[in-house]
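Chemist: One structure follows; several queries about it will come next.
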Amino acid sequence: MLLDVSGLNAWYGAAHILFDVALNVRRGEVISLMGRNGAGKSTTLKAIMGLLSRSEGQINFLGQDIAGKAPFQVARMGLGFVPEDRRIFPDLTVTENLETGRQAPRQWADGSAALNWTPDALYELFPNLGRMQDRRGGQMSGGEQQMLTVARTLMGNPLLVLLDEPSEGVAPVIVEQMAHMILSLKARGASILLSEQNFHFARLVSDRAYVLEKGQIVYEGSMQDLAHNDEIQRAYLSV
């Protein structure tokens, strides 16, 4: 078990957003956190990452309680976060953006080596970035910036990646490339928890799914089971 969350509650000011959310991610899994706009998906990822001013609950990562830790402490432990709003450095080149995320290689508790990402390996995973290494972030399209944000997070050699709405607001060709990227990462043993509204996208890449509605988990199970559960899809995922 990489991540085990239970009893997670979160607030924005006086507004109570998450209610006793519980989920887990095992090594090598891709898990989708699904739901409509406003269901609490992004809030869940931010709460896990320590980015909210008020939250409570149990958040165990690699067997350690990380609830209450600062985001930089969580990142140093090997939890990577790719925000929906990208936040690349517009005045830095692709290569320079990647260097800002660099961290030392990591090992698992048993001493085995975890994935170790270099710029060359990331340019192989993201050929588009490899062709624009000297381009400044502010001169890239939204989809290219999304790729750069993912690549920069991977430069930190995370043991688990939290990926917020990777298909939101990007061209269909970029969505396809994102799906290919996630499947490639999974094939290499990476673990990913992603928030997603696009059911087709989530079905392509995920092993299991949790569905959120008004800050509460209303479904958990295999992605295959969810794909055949028309009732849950109509009630909580249809627009």
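The values are calculated or read from the model by the stated rules, or taken from the named source; none is laboratory data. Keep in mind the model is a prediction, meaning the values are calculated, not measured. Neighbour counts are summed over all protein chains in view; Cβ atoms, including those assigned to glycine, are modelled from backbone coordinates with ideal geometry.
Chemist: So how many residues does region 200-239 have that are part of a strand (DSSP E or B) and modelled with pLDDT under 95?
Modeler: Initially, region 200-239 is screened for residues part of a strand (DSSP E or B), giving 208-213, 216-222.
Next cut, modelled with pLDDT under 95 only: none.
Of the residues in region 200-239, 0 are part of a strand (DSSP E or B) and modelled with pLDDT under 95.
Chemist: Hey, could you check region 93-124 for residues that are touching a helix residue (DSSP H, G or I) at 6+ places or on another chain (Cβ under 6 Å) and in a helix (DSSP H, G or I) and say which is farthest from Gly143 (Cα to Cα)? Explain how you work it out, then say what you get.
Modeler: Going residue by residue through region 93-124, those that are touching a helix residue (DSSP H, G or I) at 6+ places or on another chain (Cβ under 6 Å) are 94, 97-98, 101, 117, 119, 122-123.
So of that shortlist, the ones also in a helix (DSSP H, G or I) come out as 94, 97-98, 119, 122-123.
On the way: Val94: 14, Asn97: 16, Leu98: 16, Pro119: 19, Leu122: 16, Tyr123: 15 Å.
Of everything passing the filter in region 93-124, Pro119 is farthest from Gly143 (Cα to Cα).
Chemist: When residues of region 125-143 are filtered for being outside any loop (DSSP other than H, G, I, E, B) and in contact with a helix residue (DSSP H, G or I) (Cβ under 7 Å, 6 or more places away or on another chain), how many remain? Can you show your working first?
Modeler: Filtering region 125-143 for residues outside any loop (DSSP other than H, G, I, E, B) gives 125, 127-130, 136-139, 142-143.
Among the residues that remain, those that are also in contact with a helix residue (DSSP H, G or I) (Cβ under 7 Å, 6 or more places away or on another chain) are: 125, 128-130, 137, 143.
Qualifying residue count for the region: 6.
Chemist: Further question: Can you tell which of Val5, Val21 is without any contact (Cβ under 8 Å) to a residue 60 or more places away in the chain and in contact with a helix residue (DSSP H, G or I) (Cβ under 8 Å, 6 or more places away or on another chain)?
Modeler: Values: Val21 fails: without any contact (Cβ under 8 Å) to a residue 60 or more places away in the chain.
None of the others qualify; the one that does is Val5.
Chemist: On to the next question. Go through (1) on the phi > 0 side of the Ramachandran plot; (2) assigned to a loop (DSSP other than H, G, I, E, B); (3) modelled with pLDDT of 95 or more one by one and return the number of the condition Gly28 breaks.
Modeler: (3)
Chemist: Please tell me if Leu23 is on the phi < 0 side of the Ramachandran plot, under 13 Å from the mean Cα position of the chain (by Cα), not in a loop (DSSP other than H, G, I, E, B) and not acidic (Asp, Glu). Even if it seems obvious, please write down each step before you answer.
Modeler: Numbers: on the phi < 0 side of the Ramachandran plot: yes; under 13 Å from the mean Cα position of the chain (by Cα): no; not in a loop (DSSP other than H, G, I, E, B): yes; not acidic (Asp, Glu): yes.
So Leu23 fails the test.
Chemist: Would you confirm, using the coordinates I've provided, whether Ser167 is outside any strand (DSSP E or B) and touching an Asp or Glu at 6+ places or on another chain (Cβ under 9 Å)? Before the answer, list the steps.
Modeler: Values: outside any strand (DSSP E or B): yes; touching an Asp or Glu at 6+ places or on another chain (Cβ under 9 Å): yes.
It is true that Ser167 is outside any strand (DSSP E or B) and touching an Asp or Glu at 6+ places or on another chain (Cβ under 9 Å).
Chemist: Out of region 33-82, which residues are part of a helix (DSSP H, G or I), among the aliphatic types (A, V, I, L, M) and crowded, with 18+ Cβ neighbours inside 10 Å? Full working, then the answer.
Modeler: Here is the first cut: in region 33-82, the residues part of a helix (DSSP H, G or I) are 41-49, 71-77.
Next, from what is left, pick out any that are among the aliphatic types (A, V, I, L, M): 45, 47-49, 74-75, 77.
Passing the criteria: Leu45, Ala47, Ile48, Met49, Val74, Ala75.
Chemist: Considering each of Leu154, Leu129 in turn, give the residue that is under 19 Å from His180 (Cα atoms), crowded, with 20+ Cβ neighbours inside 10 Å, in contact with a Phe, Trp or Tyr (Cβ under 9 Å, 6 or more places away or on another chain) and touching a residue at least 60 places away in the same chain (Cβ under 8 Å). Working first, answer last.
Modeler: On the way: Leu129 fails: touching a residue at least 60 places away in the same chain (Cβ under 8 Å).
Testing whether each residue is under 19 Å from His180 (Cα atoms), crowded, with 20+ Cβ neighbours inside 10 Å, in contact with a Phe, Trp or Tyr (Cβ under 9 Å, 6 or more places away or on another chain) and touching a residue at least 60 places away in the same chain (Cβ under 8 Å) leaves just Leu154.
Chemist: Here is a check on your reading of the model: is Ala179 surrounded by fewer than 23 Cβ atoms within 10 Å (Cβ to Cβ), under 17 Å from Val205 (Cβ atoms) and in contact with a Pro (Cβ under 9 Å, 6 or more places away or on another chain)? Give the derivation first.
Modeler: Working: surrounded by fewer than 23 Cβ atoms within 10 Å (Cβ to Cβ): yes; under 17 Å from Val205 (Cβ atoms): yes; in contact with a Pro (Cβ under 9 Å, 6 or more places away or on another chain): yes.
When the stated conditions are applied, Ala179 passes them.
Chemist: I'd like to know if region 182-191 contains one or more residues that are without any contact (Cβ under 8 Å) to a residue 24 or more places away in the chain and either touching a Phe, Trp or Tyr at 6+ places or on another chain (Cβ under 7 Å) or small (Gly, Ala, Ser) (or both). Please lay out each step first, then the result.
Modeler: Taking region 182-191 and keeping what is without any contact (Cβ under 8 Å) to a residue 24 or more places away in the chain, we get 183, 187.
Going one step further and asking which of them are either touching a Phe, Trp or Tyr at 6+ places or on another chain (Cβ under 7 Å) or small (Gly, Ala, Ser) (or both), we end up with 187.
Checking region 182-191: at least one residue is without any contact (Cβ under 8 Å) to a residue 24 or more places away in the chain and either touching a Phe, Trp or Tyr at 6+ places or on another chain (Cβ under 7 Å) or small (Gly, Ala, Ser) (or both).
Chemist: Residue under question is Glu168, and the condition is that it be more than 17 Å from the chain's Cα centre (by Cα), of a type in the set (Asp, Glu) and surrounded by fewer than 22 Cβ atoms within 10 Å (Cβ to Cβ); does it hold?
Modeler: No: the conditions fail for Glu168.
Chemist: Which one of these does Met147 not meet: (1) farther than 24 Å from Phe72 by Cα; (2) crowded, with 22+ Cβ neighbours inside 10 Å; (3) free of Cβ contacts under 8 Å to residues at least 40 places away in the same chain?
Modeler: (1)
Chemist: Looking only at region 207-223, decide whether some residue is of a type outside the set (Phe, Trp, Tyr) and closer than 30 Å to Arg102 by Cβ. Even if it seems obvious, please write down each step before you answer.
Modeler: Here is the first cut: in region 207-223, the residues of a type outside the set (Phe, Trp, Tyr) are 207-209, 211-218, 220-223.
Narrowing further to those that are closer than 30 Å to Arg102 by Cβ: 207.
The answer is yes; a qualifying residue exists.
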